[in-house]
Every structure is written in C-alpha cells, then in structure tokens.
Amino acid sequence: MRIARFVTDAASDSAPAYGVVHGEPGDEQIAVIKGDPFFQGITPTGQTHRLEDVRLVAPIIPRSKIVGIGRNYVDHAKEMGNEVPTEPAMFLVANTAVVGPGDPVVLPEWTEEVSYEGELCIVIGRICKDVPAEKADDVIFGYTVGNDFTARDKQRADVQWARAKSFDTSKPLGPWIETELDSEDLSLVTRLNGDVVQDGTTADMVFGVRELVAAVSQAFTLLPGDVIMTGTPAGVGLVSEGDRIEVEIEGIGTLSNPVVRR
C-alpha cells in the first residue's frame, strides 16, 4: 500500500491530507483517508483525486527524530576513506531538514561541497524500545526514499555532524510510504541530471533493516513517524546549482529534487 501526503492546491499553505495511491504509472488515483494513518488507521473518505491534480509533500515529518546510519555499505565506506563500522554508526538529524518530492534543495551560502546520498528509509509505526531484530517488522510502518544531502566541508571541519547533515532542505523524503515491501534486496539507483551515479542494492548493507531497528531502538525510544535512514551505496558526488537528483528504489518509486542556491 502506498501512503502519500498531499495538498490539492500547489500554491496552498493549507494542512496536507493523507491518501492511498492506486493505479499504474501515468494513471494513478489517490483515495483520501481520514486523519493521520499513524494514529487513526486507514479509513477511506470516499473522495479521490487524480494524482496529477495534487501536489505531493513529504510523506512524513518526523514528530521526534531522524536517525541516520553512516558507512553502512562497504564500498561507500572505502570511497570515503573510512573503516567499515563494527556496529551501526548513528547520527541525529533535525526534522526541519525534511522536504518533499519536487521541492528544491537549497545550498547554504556557508558550504561549497554538498553531496547527494540516495537511501532507503525506514518509517516507524508505533512507540517502541529495545526491539529484538526478529520483531522489527512489527514496529515498521513502511519504507520511503530519502536523499541525505551532506555539506562535506563542514562535516570534516565540525566535531559533530549536525550542521553538515541537518541544514534546511537537506533531507528530501518521498514520494510516498510503501507499507508492503521486502527490503532485503532492493535496487537503489541515483541519477544526477539523468546520468546514473549510484547503482546498488540493499543486500549490500553492512547492517540490514531489522538489525538497524534493533540497534537504534536500544539507543533511543522510537515514536510513530520516526525515520531511520539506512545508509548509501558507493558513488556519492557533489552537486551544483541547477542540478536535479533522482533516487529510485525498487518497489517504492522515484524521489526527484532540483538543486538551487539562494
């Protein structure tokens, strides 16, 4: 099931609604549901829209936190000159960094080295703590696509990664949340201006989805809507003003964002 968050007027600042996306590409419909699916379940209202007539926004703004996982693909760790971690390397990201599909990623004036990182993202469905790996599926609401834009020069310069990883617009999520997905071997492809720059599979993650939920929930109480970004394959590179980045994950869809500097 594909759960999207949307507004019906592209210029509107009204509160977004949730809906279930049905149909084949190019002919999708979005069936509006009542309230917030994280707390009220999936109850159709009977109202539908053509997907092309609405504007999708970020499928979730985490109420509490985003937990990033660093160096979770061997080849990516190597390309960055780092050792492969022996346990998940976690960092926190501000929820104000989140934007949605099609939204611009704004390059801050204080950095000259911003890179893309296409990632599978886990969306937590209920409050949980100390979840055994074999029970992880019970607390996962679904999965979405993410792009972990990072200010590399500030990541090297700062003691903490907060500024490098949490600047406004640095964490696009979307286009929706897929609730029925086998996450163990999914193709992940990132394109920069139409050219493939990352071509990996989640099977190459050092720590898989269930291991990550277990490890993260040992460190933090997880709340409905929290997001775990699971790391990126090799092939990261810098972006410039005017670029467009697309991240496509098998079974979910494509997240596309332009890059601007203001």
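For this structure, a couple of remarks:
- Put simply, the Cα atoms of region 2-57 extend 30, 27, 17 Å along their principal axes, the longest span coming first.
- 16 Å cut-off, amide nitrogen to a point 7 angstrom out along D195 Cα→Cβ, residues in region 243-260: 243-246
- Close amide H pairs (under 5 Å, H built 1.01 Å from N) link A58 with G100, residues at least 5 positions away or on another chain.
- In region 127-262, the inverse of the mean reciprocal separation of distinct Cα atoms equals 16.2 Å; this is its Kirkwood hydrodynamic radius.
- Rounded to whole Hz, the Karplus (6.51, -1.76, 1.60) HN-Hα couplings of region 231-239, x for glycine and proline: x, 10, x, 5, x, 5, x, 7, 10
- Nonlocal Lys pairs with alpha-carbon distance under 16 Å, the chain (8 or more apart, or different chains): 4
- Between S14 and Q160, the modelled label-to-label distance comes to 3.9 nm, taking each label 7 Å out from Cα in the direction of the beta carbon.
- Histogram of C-alpha separations across region 16-87, 5 Å bin width, %: 3, 13, 16, 14, 10, 8, 10, 11, 10, 4, 0
- Dipole of region 2-57, positive direction: furthest Cα of P25, T8, G35, with charges on the beta-carbon: G35
- Options I177, W161, A77, ranked by Cα towards positive dipole end of the chain, top entry (Cβ charges): W161
- Near the amide H of G253, within less than 5 Å, lie no amide hydrogens of residues on another chain or at least 5 residues away, with H placed in the peptide plane.
- Helix-only mean residue ellipticity at 222 nm for the chain, each DSSP H run of n ≥ 4 adding -39500 (n - 2.57), per residue, nearest 500: -3000 deg cm²/dmol
- Fraction in percent of alpha-carbon pairs per bin - 5 Å, the chain: 1, 6, 14, 18, 20, 18, 12, 7, 3, 1, 0
- When the Cα atoms of region 186-262 are aligned to their principal axes, the ranges along those axes come out at 41, 31, 21 Å in descending order.
- Residues whose amide H falls under 5 Å from that of E117, counting only those 5 or more places apart or on a different chain, are D148, F149, with hydrogens built in the peptide plane.
- Computed log₁₀ I(q)/I(0) - Debye formula, equal Cα scatterers, no solvent, region 72-194, q 0.17 Å⁻¹: -1.09
- Taking Lys and Arg as +1 and Asp and Glu as -1, the other residues whose beta-carbon sits under 10 Å from that of V93 total +2.
- Separation in nanometres of the label points that stand 7 Å from Cα toward Cβ, at S240 and H22: 4.7
- Selected from P59, P88, P108 as most flexible by GNM, with the chain as the system and alpha-carbon contacts under 10 Å: P108
- Charged-residue dipole, Cβ positions (Lys, Arg, Asp, Glu), the chain about Cα centre, Debye nearest 20: 940
- Size of electric dipole in region 2-57: Cβ of Lys, Arg +1 and of Asp, Glu -1, about Cα centre, debye, nearest 20: 200
Every number in this text was worked out from the coordinates using simple rules, so none of it is lab data. The structure presented is a predicted model; accordingly, all values stated were derived computationally and were not measured. Reconstructed Cβ throughout: ideal geometry from the backbone, glycine too, with neighbour counts over all protein chains shown.
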